[in-house]
Amino acid sequence: MQVTGSVAELRAWSRAVRQAGGTVGLVPTMGALHAGHLSLVKAAQERGDRVAVSIFVNPTQFGPQEDFAQYPRMLEADCRLLEAAGVERVFAPEPGVIYPDGAATFVEVEGLSGRLDGASRPGHFRGVATVVTKLLVAAEPDRAYFGQKDAAQVAVLRRMSRDLLLAVELVVCPIVREADGLAMSSRNRYLSVDERREALALSRAVAAGEAAFAAGERSAAAVCAAARRELEAGGQVRVDYVQLVNWATLEPVETAAAGDLLAVAGWVGTTRLIDNGILG
Ligand code: PAF
């Protein structure tokens, strides 16, 4: 496995793979890898892709009061995991490679970028769309892999890819959970033992909303109320949002239908966590 910070090297590898008749799968990450990220690598390998993983803590997707400085950075440990998983290339660029001095070009998916996490994290999805565009331009992959855990991000990137006529297939992989249901996240490592227990309210909330739908409830307000009750039950989660939305537009729905996205977000202590489920 080769680790590079050079766009030219990454692109040369990608082109050589395709010239030899192969396909390239890119797994974009910010590092601090866990089993969720490794499931994306596995999904790419199962499709026959040769895999590159990018590791870049992207400053433009963090707000001024957010955890950019403290976001876990552990390149060596991440690389050990990726090498064992059969990844061929790690792209770990310096910030100046992605954002050269005076960089003034951004990608913004209007409308969607202001919904769900975009409403509470202004500028977040502009940063995500911009960096993912750059990573796709750098790696020229056939497919790029993302987790459903960041379901709003997926909606933004799908729309961006469609609107910009990108020649890449976006593959979305299921949420990977701990045995007790907590969705895997690099931010889980911020949680104390007590907070880790309280954080289970998020997955319980999603399960409660899904159960209401499965039992025949079709009022979106009632599905959200079932989820919110569970989220607030322990009194330790400060709710950011509980919303049932159309997964393509991220607009709230009134009547719940299969395929809608039930999304929850909240703070446990100072850590903001998200979770979701697709109804039906
Ligand atoms: O999902 C993430 O880890 C990040 O938002 C991504 C897609 C790597 C862009 O920085």
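The values are calculated or read from the model by the stated rules, or taken from the named source; none is laboratory data. The structure displayed is predicted, hence computed values, not measured ones. Neighbour counts run over all protein chains shown; Cβ positions are idealised from the backbone, glycine included. Note: accessible area is taken over every heavy atom of the protein model, side chains too, but ligands, DNA and RNA are not part of it. Shrake-Rupley method; radii C 1.70, N 1.55, O 1.52, S 1.80 Å.
Calculated mean residue ellipticity, 222 nm, the chain: -11500 deg cm²/dmol, from DSSP H runs (n ≥ 4) at -39500 (n - 2.57) each, averaged per residue and rounded to 500. The residues neighbouring Ala226, those whose beta-carbon lies less than 10 Å from its own, together hold a net charge of -1 under the Lys/Arg +1, Asp/Glu -1 convention.
Given axes a ≥ b ≥ c from the Cα gyration tensor, I'd like to know whether segment 16-120 is rounded (a/c under 1.5), prolate (a/b larger than b/c) or oblate. Prolate, since a/c reaches 1.5 and a/b exceeds b/c. Summed over the residues of segment 44-153 and divided among them, the accessible surface reaches 45 Å² per residue at a probe radius of 1.4 Å. Between Ala248 and Arg162, the modelled labels are 0.5 nm apart [label points 7 Å from Cα along Cα→Cβ].
Under 5 Å from the amide H of Met30 lie the amide H atoms of Phe56, each residue being 5 or more positions distant or on a separate chain, with H modelled from the backbone and absent for Pro and chain starts. Taking the chain as a Gaussian network of alpha-carbon nodes connected by springs under 10 Å, the highest mean-square fluctuation of the residues Gly127, Gly21, Gly266 belongs to Gly21. Residue-wise HN-Hα couplings along segment 257-269, as the Karplus relation 6.51 cos²θ - 1.76 cosθ + 1.60 with θ = phi - 60° gives them from phi, are 9, 4, x, 5, 9, 9, 10, 10, 8, x, 9, 10, x Hz; Gly and Pro carry x.
Only the Cβ atoms of Lys and Arg (+1) and of Asp and Glu (-1) were treated as charged; on that basis the dipole of segment 23-168 about its Cα centre amounts to roughly 360 debye. Put simply, the convex hull of the Cα atoms in the chain casts, on average, a shadow of 14.6 nm². Phi angles across segment 21-32 convert, under the Karplus curve 6.51 cos²θ - 1.76 cosθ + 1.60 with θ = phi - 60°, into 3J(HN,Hα) values of x, x, 10, 10, x, 10, 10, x, 9, 10, x, 6 Hz, Gly and Pro given as x. Each label point was placed 7 Å from the Cα along the Cα-to-Cβ direction; for Ala222 and Ser6 their separation is 6.3 nm. Using a 1.4 Å probe on the protein chains only, how many percent of the accessible area of segment 220-280 belongs to carbon and sulfur? For segment 220-280, the apolar C and S fraction of the accessible surface comes to 48 percent. One chain, two ends: Arg197 and Ala233. Fully extended at 0.36 nm per residue, the span grows by 11.7 nm beyond their Cα-Cα distance. Close amide H pairs (under 5 Å, H built 1.01 Å from N) link Gly147 with Cys173, residues at least 5 positions away or on another chain. Ordered from highest to lowest accessible area with the whole protein assembly present and a 1.4 Å probe, Met184, Met1 read as Met1, Met184. Distance between the modelled labels on Ala257 and Asp67, one decimal in nanometres: 3.7 nm (7 Å Cα→Cβ projection). Here the 3J(HN,Hα) profile of segment 202-214, calculated from phi with Karplus coefficients 6.51, -1.76 and 1.60 at θ = phi - 60°, is 5, 5, 5, 5, 4, 4, 5, x, 5, 5, 4, 5, 5 Hz, Gly and Pro shown as x. Within segment 244-274, find all residues whose amide N lies under 20 Å from a label point positioned 7 Å from the Cα of Arg47 along Cα-to-beta-carbon. Within reach of a label on Arg47: 248. Farthest toward the positive end of the dipole of the chain, out of Ser54, Ala12, Ala256, is the Cα of Ala12, where the dipole comes from beta carbon charges about the Cα centre.
Take segment 190-267 with all the other protein chains still there, run a 1.4 Å probe, and you get 46 Å² of accessible area per residue.
The simple Förster model, with R0 at 51 Å and r as the Cβ-Cβ distance, assigns Ala84 and Ala119 a FRET efficiency of 0.85. Sorting 103-114, 150-161, 35-46 by their mean Cβ neighbour count within 10 Å, with the most densely packed peptide first, gives 150-161, 35-46, 103-114. Taking amide H as placed 1.01 Å from N in the peptide plane, Ser219 has its amide H under 5 Å from the amide H of Ala256, each at least 5 places away in sequence or on another chain. Shown for segment 58-97: the carbon plus sulfur share of the solvent-accessible area, taken with all protein chains present and a 1.4 angstrom probe, equals 55%.
Just how far, in whole angstrom, is segment 246-279 from segment 139-201 if you go by their alpha carbon centroids? Distance between centres, Cα-based: 13 Å.
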